[in-house]
Amino acid sequence: MLSIIQAAGWPIWPLVACSILALALVIERFISLTAAKVAPPKLLEEALAVSRTSVPTPDVVRQLEQNSALGEVLASGMRALNSDPRCSEVDLRATMENTGRAVAHRLERYLSSLATIASAAPLLGLLGTVIGMIEIFGSQSASGGATGGNPAQLAHGISVALYNTAFGLIVAIPSLIFWRYFRVRVDEYLLTLELAAERFARHLNALRHP
């Protein structure tokens, strides 16, 4: 690998940096977007159970908030009722929606960066290709025409062009695939959070009118 990087010349170093950054973002998103951290399957039922007859104490609400992203959304509704038991349904839903928007922003974090790498990597590879072609034509003209080119310089220019093109695609294709995967995963989580929040808001509103 080191010999390939050396053969590709300096234009490949931005691509190496992009590949390292993309790998770090993919690992971070895999860790952060687990179901246990976003929307545990049984959490909504547990929240409905503990608030069957009344709003839980602040300590229980705090534990729910720290449980996951879904717990944070559900806890915001409980906290709104704890703060003002007579708050309107509109205010209750607004509080949960605001928390939901903050959670959605966190779930989508770094996805734009991954998409940027997927878009920029082929362009960086193309830049390396252009630089390699410039070196090829430079070696030809410096040697007095197309018939007397410098073979070593010619080979180096070709290697720079091809290696950068290939490496740009190697970085871009997985980045694009993972970006699409995480985008779909986040959309599924957001739908789950929205449906759970809607059901829980109706439940909390019923507590205000037993």
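The values are calculated or read from the model by the stated rules, or taken from the named source; none is laboratory data. Values in this document were obtained by computation on a predicted structure and should not be read as measured data. Virtual Cβ from ideal backbone geometry, glycine too; neighbours counted across all protein chains shown.
Okay, here's what the table says:
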| quantity | calculated |
| --- | --- |
| Residue in segment 24-43 that is more than 20 Å from the chain's Cα centre (by Cα) and in a helix (DSSP H, G or I) present | yes |
| Residue list for segment 72-90, restricted to those being under 24 Å from residue 189 (Cα atoms) and of a type in the set (D, E, K, R) | 72, 79 |
| Scope segment 169-196; condition within 21 Å of residue 40 (Cβ to Cβ) and not aromatic (Phe, Trp, Tyr); matching residues | 184, 185, 186, 187, 188, 190, 191, 192, 193, 194, 195, 196 |
| Tally of residues being part of a helix (DSSP H, G or I) and either modelled with pLDDT under 70 or β-branched (Val, Ile, Thr) (or both) across segment 111-150 | 15 |
| When residues of segment 158-210 are limited to those that are β-branched (Val, Ile, Thr) and surrounded by 14 or more Cβ atoms within 10 Å (Cβ to Cβ), the one farthest from the chain's Cα centre (by Cα) | 158 |
| Output for segment 87-104, where each listed residue is of a type in the set (S, T, N, Q) and either touching a residue at least 12 places away in the same chain (Cβ under 8 Å) or within 26 Å of residue 34 (Cα to Cα) (or both) | 95, 98, 99 |
| Selected residue (criterion: nearest to the chain's Cα centre (by Cα)) from residues of segment 110-120 that are closer than 21 Å to residue 166 by Cβ and without any contact (Cβ under 8 Å) to a residue 60 or more places away in the chain | 116 |
| Tally, over segment 2-48, of residues that are among the small types (Gly, Ala, Ser), at pLDDT below 90 and surrounded by 19 or more Cβ atoms within 10 Å (Cβ to Cβ) | 2 |
| Checking residue 51 against (1) at pLDDT 90 or above; (2) within 22 Å of residue 208 (Cβ to Cβ); (3) surrounded by 16 or more Cβ atoms within 10 Å (Cβ to Cβ), the condition it does not meet | (1) |
| Qualifying positions in segment 25-41 - of a type in the set (D, E, K, R) and within 15 Å of residue 67 (Cβ to Cβ) | 37 |
| Considering residues of segment 63-86 that are without any contact (Cβ under 8 Å) to a residue 24 or more places away in the chain and either touching a His at 6+ places or on another chain (Cβ under 9 Å) or not in a helix (DSSP H, G or I) (or both) only, the residue farthest from residue 39 (Cα to Cα) | 84 |
| Segment 77-109, subset of a type in the set (Ser, Thr, Tyr) and more than 27 Å from the chain's Cα centre (by Cα), residue farthest from residue 205 (Cα to Cα) | 83 |
